[in-house]
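Encoded as structure tokens, the structure appears first; notes follow it.
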Amino acid sequence: MIAHFFGMTYKLTDTLIKKKLLLFILLFFFMNLGINPAQGQEKLQEEVMVIAVEVPVRVIHKGQVVKNLTKEDFEIYEKGIKQKITAFEVISRKISISKKLSQEERKIVPKKRLFLLIFNIFDYTDAVGEAIDYFFKNVFTTGDQLIILTEDKLFNIEIGNSLSEMIFNLKETLKKYKLISNKNTFRAYRDLRHEGDRVLSAYQDRTGDINRAIIMFYETYLRIWADYRRQYFTPDLDLYRSIIKRVKQIEGEKWAICFQQRKMFPGLKNEGRLGSIINYYADESATTGLRIISTKQRELQRSLNISYKFPTEILKNLFMEANITFHLILMKSLRDILYRDFELREVAQDYEDCFKQISFSTGGHATFSNKVTEALKEATEAEDYYYLLVYSPNEDQSEKKRDIEVKVKKRGIKVIHLKHFFEKEAPPISITDFKAGNKAMKFSFSNYKMIKIKGKLTGIADVKITLFDKDSEKVFDERKTLNLLKKEAHLSLNFNQLKSGNYFILIQVIDKISNEIDVFSKQIEL
């Protein structure tokens, strides 16, 4: 049961007529002014090259925001050269909209806003569902833009639908994905229990090499933990970079709300029989000089330390680059397992500090509470207070990367700002126009980079499509690498072999030239 990509078409826009018309208008304009068109073009280019660099700056003293500073309190440098501050503004913003506004007035608030909702959760709970209800009914307004992310997968919810339908679709998509995700996780737990039973069997029956059985147990433990860590603790930086590039193209306020649930992983019970046997043989191997088991134990403990490998600085700078205020809601998982020798334990609490740093540096609010709706309310009322400095560079204005330093003429304060400023880049590869129904689906993608290959402009995209049925079983999984000769590509697939019904789809496209990525996921009906 393999479906193949087919029906690929392309779309190009012919702008030749428009260009000729524009040239005619420009020539007429310059002739009437009595100047040379080339001179006017040169002057126009000089004006276009004037760049205004905006630098958000947050000033902290003893954990509190420093307010009421003036332009004279700041100095800004690019590559060590002092720059003139041409504009200065104090920004005070919060998510919540004035309670004095009526429900109808709230819908027409002109403020442009984008929300990035991040669900780093182990379980979907009623408390998370209630917070989703609150967000859409009390925070989200007509005109707001939305990006939803979980476990490095983008969820695509139709904003054009009714409010109740949007809420239902998001909840059902989260539930479905967590079923798929946790199914793989608990399958790994069973593998771990199986290796533990082999150790017990070798100990009880004196069959086989118990030392070897313990080593196999730890190797399985390390493999399962590595997969779990990759799934829950290792952010896809390429995806985050692509998201930030998209966000930078958008005007208005940008807010991230991260629902971060403490992750659970099975550990050996201290009082369990299996743990006692393994510790006994670990001590025994250490006294005989072999130390293999104790070495494996230390290797596992080192691997459980996540924070030292977590890309805190990279993520923090990405959110600062797009001026996204990052609110953090930390939660506890209530899940348990009924395994004789294992218990679910919270792992990597120090990992939470990495997210707290991102929140602190972007002016966000961080709280730990399983009363998720109340924590969300607090975040929406929290003030992000910062200073916006604007300058026009004295040096080469064509540079895409600028090294910036801001100084404040006050003692004992902490100045938080982006150290490296990047010019806006072209948007990355994007999946668009997805449609599904009647056992078929189609979508487009664009904004991929093209280079000359054998004299022709060509793009290269790696496309992976995975389909899950209502029981979270994988029913389709195919990957193709495509050569793209036009600026926009259209793909369509038929699934005639599948039964009609509801499915969950994941589409991942990677631009092989720029290494940009886009991910699409949605509940669909075929």
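Laboratory data are not the source of any read-out in this text; all were calculated from the coordinates shown. For clarity, every value in this text was computed on a predicted model and none was experimentally measured. Because the Cβ atoms are built from the backbone with ideal geometry, glycine has one as well, and the counts that use them run over all protein chains shown.
Once both labels are positioned 7 Å from their Cα atoms along Cα-to-Cβ, the gap between Gln231 and Thr295 label points is 3.0 nm. Normalising by residue count, segment 103-382 has a Cα convex hull of 132 Å³ per residue.
Averaging the sequence gap over all C-alpha pairs within less than 8 Å and six or more residues apart, then dividing by the number of residues, gives segment 103-382 a relative contact order of 24 percent.
Neighbour counts of C-beta atoms inside 10 Å place Val66, Val475, Val128 in the sequence Val475, Val66, Val128, starting with the fewest.
In debye to the nearest 20, how big a dipole does segment 180-238 give about its Cα centre with +1 on each Lys and Arg Cβ and -1 on each Asp and Glu Cβ?
160 debye
Summarising the label geometry, the points placed 7 Å from Cα in the beta-carbon direction at Lys486 and Ser96 lie 5.2 nm from one another. As a calculated quantity, the FRET efficiency between Lys414 and Glu130 at R0 = 45 Å, using C-beta atoms, amounts to about 0.80.
Can you tell me the dipole magnitude for segment 170-306 around its Cα centre, using point charges on the Cβ only (Lys, Arg +1; Asp, Glu -1), in Debye to the nearest 20?
Details: 27 positive and 16 negative charges, 130 e Å.
Approximately 620 debye in magnitude.
Our estimate of slack between Leu304 and Asp403, defined as 0.36 nm per intervening residue step minus the Cα-Cα distance, is 32.1 nm. The charge dipole of segment 103-382, taken about its Cα centre with unit charges on the Cβ atoms of Lys, Arg (+1), Asp and Glu (-1) only, comes to about 400 debye. The Cβ shell under 12 Å around Lys71 holds other residues with a net charge of -2, Lys and Arg each +1, Asp and Glu each -1.
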